[in-house]
1. Please state the charge dipole magnitude for segment 236-324, taken about the Cα centre, from unit charges on C-beta atoms (+1 on K and R, -1 on D and E), reported in debye and rounded to the nearest 20.
2. What's the center-to-center distance, using Cα atoms, between segment 268-303 and segment 2-47 in Å?
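No lab work stands behind these numbers, since they all come straight from the coordinates. Keep in mind the model is a prediction, meaning the values are calculated, not measured. Don't worry about glycine lacking a Cβ; one is built from the backbone with ideal geometry, like all the others, and counts go over all protein chains shown.
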Amino acid sequence: MNLLNRYLQAVARLLPGARRDDIIAELRANILSQFEERENDAGRGLTEHEQVEILRRFGNPAMIAGRYGEHNFGLAFGKQWIGPELFPFYRTVLLINLAISLIVLAGVIPLVSHAGGVAITLSRVLPPLLTQFVIVTGIFIMVERHKEQLFNSWDPRKLPAAKATPEDGPTGRNIFNFVLLAMGTLWLALTPNWPYLMLGPGALYLSPIPMRLMPQWTEFYWAILILLGAQLTVKFFHLFRWLPRQQSRFIDLGLKILGLGIAVLLLTQYPNYVVSANRPLAYWVNLSFLSCVIVALGINLWGTVRLLVSLRRERAQMEPAAQH
């Protein structure tokens with residue numbers, strides 16, 4: 001059943017985590033029933049070619065995963081332009097594309113406006129975003145029209161080898177998380193020398209502002225940077241399977257708890273993140289800093305709780321097996 005395991009693994013990688021196990025169990029049962037039916041008709045075990053034929057009839061793993069999307073949406077203007085199989089991928093690509101465009105525009109447009117002395121208006125922001133929407137949508141409409149040719153010419157025998165868990169090794173999700181963390185760590189490391197990376201055009205006005213950071217900021221900054229570096233190292237070793245998944249998850253849990261501790265300590269420093277003779281300015285900067293700390297604390301707390309629940313669920317699943 002190696003082909004079946006590889007096929008289910010390819011589907012599982014693209015499924016929503018909350019429903020993944022149920023969907024894979026249902027899909028496995030359906031495929032096995034067809035395997036058994038074919039075996040009964042033939043009076044023998046299936047050859048690899050016959051297994052490939054059945055799996056191909058079920059469909060490309062990407063298309064199967066798309067059909068099990070959270071809401072099974074599509075894009076339609078009278079006629080359906082993007083079907084429910086492709087819509088989850090379309091939505092993800094579009095959101096990532098628009099997010100990157102907004103980040104770039106947030107830095108470029110204020111700089112150009114300041115240099116050229118022109119106002120920032122909605123008409124300057126909307127055209128690039130609309131262009132991205134049209135391009136991405138057009139590409140997926142073309143893929144939708146030719147999806148039969150694009151997605152039916154696949155071979156189950158060329159699927160990646162089955163792994164102990166779908167998240168082991170250099171999967172797309174693990175690579176994306178590693179790259180995202182690496183970019184965030186590099187961004188934070190470069191910010192002291194290039195404050196424009198954090199403040200954008202506002203960094204040009206820092207020098208004349210009578211404001212200084214709290215004395216403890218250097219210690220907090222290096223603690224955060226070292227913590228991110230440690231998380232990056234763990235993800236790197238797990239990415240290439242040099243560190244067992246279970247072990248890396250426990251290390252990640254410890255690092256997340258350390259991150260929570262740093263965030264809580266930062267909360268206790270409010271409202272003394274910055275000191276300035278300009279009280280209104282100090283108030284708003286400290287409030288903005290506090291908002292960032294609360295958001296970071298919330299994200300880290302959510303990730304910690306999810307990881308704890310996942311580890312507890314895995315332990316509960318292993319206990320019955322250990323008893324047998």
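1. 160
2. 51
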